[in-house]
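What follows is a set of notes on a single structure, which appears directly below.
The values are calculated or read from the model by the stated rules, or taken from the named source; none is laboratory data. Worth saying up front: this structure is predicted, and the values here are computed from it rather than measured. Cβ: placed from backbone, ideal geometry, glycine included. Neighbour counts: every protein chain shown. Just so you know, the surface numbers come from the protein's heavy atoms only, side chains and all, with ligands and any DNA or RNA stripped out. Shrake-Rupley method; radii C 1.70, N 1.55, O 1.52, S 1.80 Å.
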Amino acid sequence: MTQKLELLPAVDVRDGQAVRLVHGESGSETSYGDPLQAALAWQSAGAEWLHLVDLDAAFGTGDNRDRIAEVVRTMDLKVELSGGIRDDASLKAALATGCTRVNLGTAALESPEWVAKIIAEHGERIAVGLDVRGTTLRGRGWTRDGGDLYETLERLNAEGCARYVVTDINKDGTLQGPNLELLKNVCSATDRPVVASGGVSSLADLRAIATLVPQGVEGAIVGKALYAKAFTLEEALEAVAG
Ligand SMILES: O=C(O)c1ccccc1N[C@@H]1O[C@H](COP(=O)(O)O)[C@@H](O)[C@H]1O
């Protein structure tokens, strides 16, 4: 039987608030209130996963570590945690929240030896976020180029990276539909599961991503569409139930 597509509602935290950005640009925030309330709402609606991002840590404008740890502690679901996990101290703090896995962005581009080491140590608890514009990776809050997507993917595959979270920055927060070509291309370049991120606007978009499950797409992150009430999480879960 074909796996069903996992859905990961997103809670991105900036300055203590749940926000959504457009193209990941600092200053483009729309605020949606208390992150704990947002996470609890997704849990009540049936979410099995939460994609939780410390945006201040990703941008280097501080952190929301205590708030994030409170969200993970309170939730009774699996959490993929990201933003600012770049060294032993931030990794230790992130893993200690009890999250299911962490998602590394900048570190995978700037600290390849450290990332290879922690992949070997922590296996499934480490995913790498491939945040791309075209085929160029972006780090440091998506403000700096970080090399070629497919070269980096080849290196991470060889190091045993368990999973990739692929974000098309040009689509993120825009409700313009996912980049299915990018997802197919990444799936062709790896045998590891891929989580799709960026652009979901409708139930049809989720069904389109779900057609890529046999090629290796395991999940989809849904952000703006849920907050903008384009559909409910219950409807989304039903749409991908198979
Ligand atoms: O999710 C966003 O909108 C976002 C925008 C700008 C920068 C990062 C963003 N999110 C996620 O943060 C991590 C990267 O953090 P770091 O580079 O490891 O500190 C990654 O999961 C991004 O997708």
Open item on the list: Spelling out what I want: for every residue of region 226-235, take phi, set θ = phi - 60°, compute 6.51 cos²θ - 1.76 cosθ + 1.60 (Karplus), and round to whole Hz; glycine and proline get x.
Closed with: 6, 5, 7, 6, 5, 7, 8, 5, 4, 5
Open item on the list: Would region 1-48 count as rounded, prolate or oblate if I go by the C-alpha gyration tensor, calling it rounded below 1.5 in a/c and otherwise prolate when a/b exceeds b/c, oblate otherwise?
Closed with: oblate
Task: Value of relative contact order over region 1-129, rounded to a whole percent, pairs C-alpha under 8 Å and six or more apart - done: 19
Task: Integer Hz, Karplus 6.51/-1.76/1.60 couplings in order for region 38-45, x for Gly and Pro - done: 4, 5, 5, 5, 5, 5, 4, 7
Open item on the list: Under the 0.36 nm per residue contour assumption, what length would be gained going from the current alpha-carbon distance of ASN185 and GLU234 to full extension?
Closed with: 14.7 nm
- [ ] Compare ASP172, ASP15, ASP63 by solvent-accessible area with a 1.4 Å probe and give them largest first, with all protein chains kept in place.
- [x] ASP15, ASP63, ASP172
TODO: Quick one: dipole size for the chain, taken about the Cα centre, charges +1 on Lys/Arg Cβ and -1 on Asp/Glu Cβ, in debye to the nearest 20.
DONE: 140
Open item on the list: Counting other C-beta atoms within 10 Å, and keeping those with at most 16, which DSSP coil GluC sites (Glu not before Pro) do you find in region 6-114?
Closed with: GLU25, GLU48
Task: Top of GLU151, GLU218, GLU124 by mean-square fluctuation, Gaussian network on the chain, Cα under 10 Å - done: GLU151
Task: Listed pairs LYS4/LYS92; LYS117/LYS171; LYS4/LYS184 exceeding 27 Å between Cα atoms - done: LYS4/LYS92; LYS117/LYS171
Task: Per-selection Rg to Rh, region 92-188 - Cα, Kirkwood hydrodynamic radius - done: 0.96
Task: Long-range HN-HN contacts of LEU104 with modeled amide H, under 5 Å - done: ALA127, VAL128, GLY129
- [ ] Provide the FRET efficiency to the nearest 0.05 for the ALA204-GLU121 pair, computing r from the beta carbons and using R0 = 51 Å.
- [x] 0.80
TODO: Work out the FRET efficiency for LYS92 and GLN215 from their Cβ-Cβ distance, taking R0 = 41 Å, and round it to the nearest 0.05.
DONE: 0.70
Open item on the list: Give me, ordered by chain and number, the residues 5 or more places off VAL79 or on other chains with an amide H under 5 Å from its own placed amide H.
Closed with: LEU50, THR100, ARG101
TODO: Provide the percentage of antiparallel DSSP beta bridges, counting only those with both residues in the chain; round to the nearest 5.
DONE: 25
Open item on the list: If every alpha-carbon in the chain counts as one equal scatterer, what log10 I(q)/I(0) does Debye give at q = 0.08, 0.10, 0.11 1/Å?
Closed with: -0.25, -0.40, -0.49
Open item on the list: For the chain, what does the relative contact order come out to in percent, with C-alpha contacts under 8 Å and a separation of six or more?
Closed with: 20
Open item on the list: If you count only protein heavy atoms with a 1.4 Å probe, what accessible area per residue comes out for the chain, rounded to a whole Å²?
Closed with: 42
Task: In order through region 111-117: 3J(HN,Hα) via Karplus (6.51 cos²θ - 1.76 cosθ + 1.60), integer Hz, x for Gly, Pro - done: 10, x, 5, 4, 5, 4, 5
TODO: Before rounding to the nearest 500, sum -39500 (n - 2.57) across all DSSP H runs of length at least 4 in the chain and divide by the residue total; then give [θ] at 222 nm in deg cm²/dmol.
DONE: -10000 deg cm²/dmol
- [ ] Note down, for region 1-108, the three equivalent ellipsoid semi-axes (square root of 5 times each alpha carbon gyration tensor eigenvalue), biggest first, whole angstrom.
- [x] 20, 17, 14
- [ ] Considering the options PHE59, ALA96, GLY83, tell which one lies farthest towards the positive end of the dipole of region 1-107, charges being +1 on Lys and Arg and -1 on Asp and Glu at the Cβ, about the Cα centre.
- [x] ALA96
TODO: Evaluate the relative contact order of region 1-72 (contact order divided by residue number), counting alpha-carbon pairs under 8 angstrom at least 6 apart; express in whole percent.
DONE: 36
TODO: Provide the FRET efficiency to the nearest 0.05 for the THR74-THR143 pair, computing r from the beta carbons and using R0 = 25 Å.
DONE: 0.20
Open item on the list: Between GLY223, GLY160, GLY16, where does the largest GNM mean-square fluctuation fall for the chain, given springs only between Cα atoms within less than 10 Å?
Closed with: GLY160
- [ ] Hey, can you grab everything whose amide H is under 5 Å from the amide H of ASP12? Only 5+ residues off in sequence or another chain; H modelled, so Pro and N-termini drop out.
- [x] VAL19, VAL53
